[in-house]
Amino acid sequence: MGSFVVSKFGGTSMGSASAMAASAEIVSADPRVRFVLVSATSGTTHQLLKIHELRRGGSVSECQQFAEEIEEKHREIAVELGCSEKAMETLKAFLLELKAPLICSDSNQSLDHLLSVGERMSSLLFTEALRKKSGSKITWIDARKFLITDDRFGKAEPDITLTRANCDPLRDRLDLVRDAAPEVFVSQGFIGASSQGATTTLGRGGSDYSAALFAEALSADGVEIWTDVPGILTMDPRVVLNARIIDEMSFAEAAEMANFGAKVLHPATLAPVMRANIPVWVKSTFRPDLPGTRISPQVESGAPLIRAIAVRKRQTLITVSSLRMLNAHGFLAKIFEVLARYHLSVDLVTTSEVSVALTIDEDAMGSAGKSVKESTEMLAELRSFAEVRLEEDLSLIAVIGNGLNSAPGVAAEIFHAIRSQNVRLICHGASEHNICFLVASEDALTIARQLHEVCIEKPRVDG
């Protein structure tokens, strides 16, 4: 099979007929692109979430208003693209699902099915846009027939073995390289299906993850993430005007950035490409001439020590205290056992003789997940054997780089830069790729700017 890549286009790249046409131009200009995944048009997922919320609250008129706005937007795009009569009929069928009653008693399952409409509509429209630009055979496929997950609605986990088996026929068709016009597949990011056929989602921003999973399952040679920024930057350019594009970074560095809040990549994206050793490019749909950022297993040894600053908001600090911890075995295991039962993932942990402090990311709890404060059953279990205190409205700041736990003076330089700030928790030493701080959300951007100025804008002088 010839070399091919999987390309994913985000919501802004699907946001209008002109944006879709520009994205289609990128695909048609590169014969290596044989499999394309798209997100819902920008803003649609948020509107669908509102519809679900209003349905549950019984606000029929407001729900209808959001549905009509979504319908109007997608019909306008379809007309502007000059979609075929068949495509218009399919779009009409998708739009009817917005007005349907709740499809089952499990509201999270209903939400996942509703959210899938966004990706199905955008991928249908993009297929039409691509057919007008490309001489290749363009085939629309339903991701739910290939990407198989568990039934944890809102944040489903993929079944790698079943997904790969389902993708075998696609891989065979990708082997059939037609001389002039190879087949190009268009599908949806973010969505999959359980083994029973129920629609599932991979969590907010999961389209990147879908691209990596399909690339692994199809044995692709690369993944392209097309977005509205020209690559991965040293910090969010909306916060720091002097943020710089990172030309190349390692899987480990990119994983740290995604995990600690960089919006360009979904945190789970790197696992499949790391397993399959598939490089990733992050590029701008609106500046396809720029090289973007390449993510590969290793980077040159001359890479800067500190690469980026990331901020992740909506963090909750849970402090669990009990005198039973003194000289006791298994106390930490008991805490983590409770958290695992409620699918809560811990990021930072510090301990003393009688207490454990740990952070939970509120945004990592799925499209229908409760907040930590609302998880009353989980908190009751913890309180059955310890005192529990919650602190909300915190942010996690990560300094990301290489060899941070072994380079002399790095920690001192970082701590000196924020010496006047109130830091709630520090995590250093567990990874050579990050030093993390937990701070009040109202102080987070000021601290992050200070760190970017000292650690990245001003060159470090060793010795």
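General observations
- Check on Ala333, crowded, with 19+ Cβ neighbours inside 10 Å and within 30 Å of Thr376 (Cα to Cα): no
- Single residue of Glu253, Glu337, Glu248 found to be modelled with pLDDT of 90 or more, of a type in the set (D, E, K, R) and in contact with a strand residue (DSSP E or B) (Cβ under 6 Å, 6 or more places away or on another chain): Glu248
- If you check Val454, Val423, Val399 for being over 20 Å from Ala255 (Cβ atoms) and touching a residue at least 40 places away in the same chain (Cβ under 8 Å), only one passes: Val454.
- Meets criteria (assigned by TED's automatic domain parsing to the domain that holds Leu174, touching a residue at least 12 places away in the same chain (Cβ under 8 Å) and over 23 Å from Ser207 (Cα atoms)) for Glu80: yes
- Per this entry, Ala220 is not counted among residues that are under 18 Å from the mean Cα position of the chain (by Cα) and either polar (S, T, N, Q) or closer than 22 Å to Pro169 by Cβ (or both).
- Candidates Ile160, Ile141: the one that is among the hydrophobic types (A, V, I, L, M, F, W, C), out of contact with any strand residue (DSSP E or B) (no Cβ under 7 Å at 6 or more places or on another chain) and surrounded by fewer than 23 Cβ atoms within 10 Å (Cβ to Cβ) is Ile160.
- Per this entry, Ala252 is not counted among residues that are touching a residue at least 60 places away in the same chain (Cβ under 8 Å) and touching a Pro at 6+ places or on another chain (Cβ under 7 Å).
Yes/no matrix, rows are residues, columns are (1) under 20 Å from Leu114 (Cβ atoms); (2) of a type in the set (A, V, I, L, M):
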site: Phe190; (1), (2): yes, no
site: Gly205; (1), (2): yes, no
site: Phe214; (1), (2): no, no
site: Ala217; (1), (2): no, yes
site: Val223; (1), (2): no, yes
site: Thr227; (1), (2): no, no
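- Only a single criterion out of (1) modelled with pLDDT of 95 or more; (2) over 18 Å from the mean Cα position of the chain (by Cα) is not satisfied by Leu54, namely (1).
- Total residues in region 120-155, condition not in a loop (DSSP other than H, G, I, E, B) and not β-branched (Val, Ile, Thr): 17
- Tabulated pairs, region 337-349, first surrounded by 18 or more Cβ atoms within 10 Å (Cβ to Cβ), second hydrophobic (A, V, I, L, M, F, W, C) and part of a loop (DSSP other than H, G, I, E, B), C-beta under 6 angstrom, 6+ apart or interchain: none
- The criterion of at least 1 residues that are of a type in the set (S, T, N, Q) is met, among helices (runs of 4 or more DSSP H) falling completely within region 156-261, by 160-166, 207-218, 251-259.
- Just one residue in the set Ala193, Ala215 is crowded, with 17+ Cβ neighbours inside 10 Å, closer than 30 Å to Leu290 by Cβ and either assigned by TED's automatic domain parsing to the domain that holds Gly10 or of a type in the set (Asp, Glu) (or both); that residue is Ala215.
The values are calculated or read from the model by the stated rules, or taken from the named source; none is laboratory data. Quantities reported herein were computed from a predicted structural model and do not represent experimental measurements. Here the Cβ is made from the backbone with ideal geometry for all residues, glycine too, and neighbour counts use every protein chain on show.
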